[in-house]
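Single-structure report; data block below.
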Amino acid sequence: MTRDAQPGTVYLVGAGPGNPDLLTVRALKLLQTADILLPDDLVSDEVLNLARPAVAIIPVGKRCGQPRITQAGIHELMLHNARAGKSVVRLKSGDPLVFGRVGEEIAALRAGGVPFEIVPGITAAFAVAATLKTPLTDRTSASKLILATAHHAAGKLSLTPSWTGAFPDESTLVIYMPGRDFATLSTSLITSGIAPQTPCVAVSKATTPDELATITTVGQIGSAEIGPAPVILLIGKAISLP
Ligand SMILES: C[S@@+](CC[C@H](N)C(=O)[O-])C[C@H]1O[C@@H](n2cnc3c(N)ncnc32)[C@H](O)[C@@H]1O
C-alpha cells in the first residue's frame, strides 16, 4: 500500500473532476494522512470529506480572477508549513499539471529546497469524454488531441485568444476555461478555419450530480443553452454522441 504523507513534504495532488470515485489510491492515502490541505475552489466537498477529521483545511481558490489569496501567498503557505514539519497536500482539480499554475508552485518549492511529490489526477477532458462515452481520438478522423484554454493570464497583451493554427486537420480540440462569451468564441474559432458544422459538446459540472451536457456545433454554440461553470468544450469529428 502507498506511503503515508511525510512530515516536511509538500504533495501537489490531482483531485480529479469532482466525483471522489475518480481519485487515485495515492491521492486518497495522502488525504487520509496529511496535516494540512490547501484546496482550490473546484475541489469538491465530497473529496474534502475523505480527509481525516483532524486535518487543517485552508482554501486557497481564486474566484473569477479576483484573488482571495495571491499565488505568492499560496507558495508561502506551502513553504512555511512544510518547514514547520507538517505534511502539506496542495489539492488541485483534475490533474495538477494541466492549467493550474503548477509551474510556479514547483519553482517555489525547488527554490525553497522543500521536498515535494506530484500525484496525477484525472483531467477534466478525460473525465468528460468518459462520462459522455465518446472517444477523443479516432483512427479515421482524429489523430491529434489538443488541450487548450480560452483564458489568458492577466497582463498578457492580447485579451482575445488566437485560434489560428490551433486546430489542424484530424484533431480533437478541448477548450478549458472557455469563458461565457460563446458567440465571440464561435466566431473566433470559425475565423481561424474550423468548419461551423464541426461537432461541439459543452459540459458543465462534469461527473457531479449537476452535470449538464449541451450537444451543438461550433457555429451554433453562441445560441446554445450552456450550464454554469465549470464548463469544458470538446470539439471535433471524433466526438460521437447518440
Ligand atoms: C483552472 S482549470 C483546471 C484544470 C484541471 N487542472 C484539470 O486538469 O481538469 C479549470 C477548468 O477546468 C475545467 N473543469 C474542471 N473541472 C471540471 C468539471 N467538473 N466539469 C467541467 N469542466 C471542468 C473547466 O474548463 C474549468 O474552467
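Before moving on, here are some points about what is shown:
Per-residue answers, yes or no, for (1) within 15 Å of the ligand (Cβ to nearest atom); (2) outside any loop (DSSP other than H, G, I, E, B); (3) buried (at least 18 other Cβ atoms within 10 Å of the Cβ):
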site	(1), (2), (3)
38	yes, yes, yes
90	yes, yes, yes
108	no, yes, yes
114	no, no, yes
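- Residue among 189, 185, 173 that is over 14 Å from the mean Cα position of the chain (by Cα) and in contact (Cβ under 8 Å) with a residue 60 or more places away in the chain: 173
- Test: residue in the range 178-200 that is β-branched (Val, Ile, Thr) and at pLDDT 95 or above: no
- Residue in the range 192-242 that is farthest from the chain's Cα centre (by Cα), counting only those that are in contact (Cβ under 8 Å) with a residue 40 or more places away in the chain, more than 16 Å from the ligand (Cβ to nearest atom) and open to solvent by less than 30 Å² (accessible area, probe 1.4 Å): 194
- Boolean, residue 175 is closer than 23 Å to residue 94 by Cβ, open to solvent by 30 Å² or more (accessible area, probe 1.4 Å) and among the β-branched types (Val, Ile, Thr): no
- The lone criterion from (1) open to solvent by less than 40 Å² (accessible area, probe 1.4 Å); (2) β-branched (Val, Ile, Thr); (3) modelled with pLDDT under 95 left unmet by residue 119 is number (3).
- Test result for residue 131, at pLDDT 95 or above and at negative phi: no
Conditions tested, residue by residue: (1) β-branched (Val, Ile, Thr); (2) not in a strand (DSSP E or B).
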{"residue": "184", "(1), (2)": "yes, yes"}
{"residue": "189", "(1), (2)": "no, yes"}
{"residue": "196", "(1), (2)": "no, yes"}
{"residue": "201", "(1), (2)": "yes, no"}
{"residue": "209", "(1), (2)": "no, yes"}
{"residue": "219", "(1), (2)": "no, yes"}
{"residue": "225", "(1), (2)": "no, yes"}
{"residue": "229", "(1), (2)": "no, yes"}
{"residue": "233", "(1), (2)": "no, no"}
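The values are calculated or read from the model by the stated rules, or taken from the named source; none is laboratory data. For clarity, every value in this text was computed on a predicted model and none was experimentally measured. Counting neighbours? That spans all protein chains shown, and the Cβs are built from the backbone with ideal geometry, glycine included. Just the protein is used for accessible areas: all its heavy atoms, side chains included, with ligands, DNA and RNA removed. Shrake-Rupley method; radii C 1.70, N 1.55, O 1.52, S 1.80 Å.
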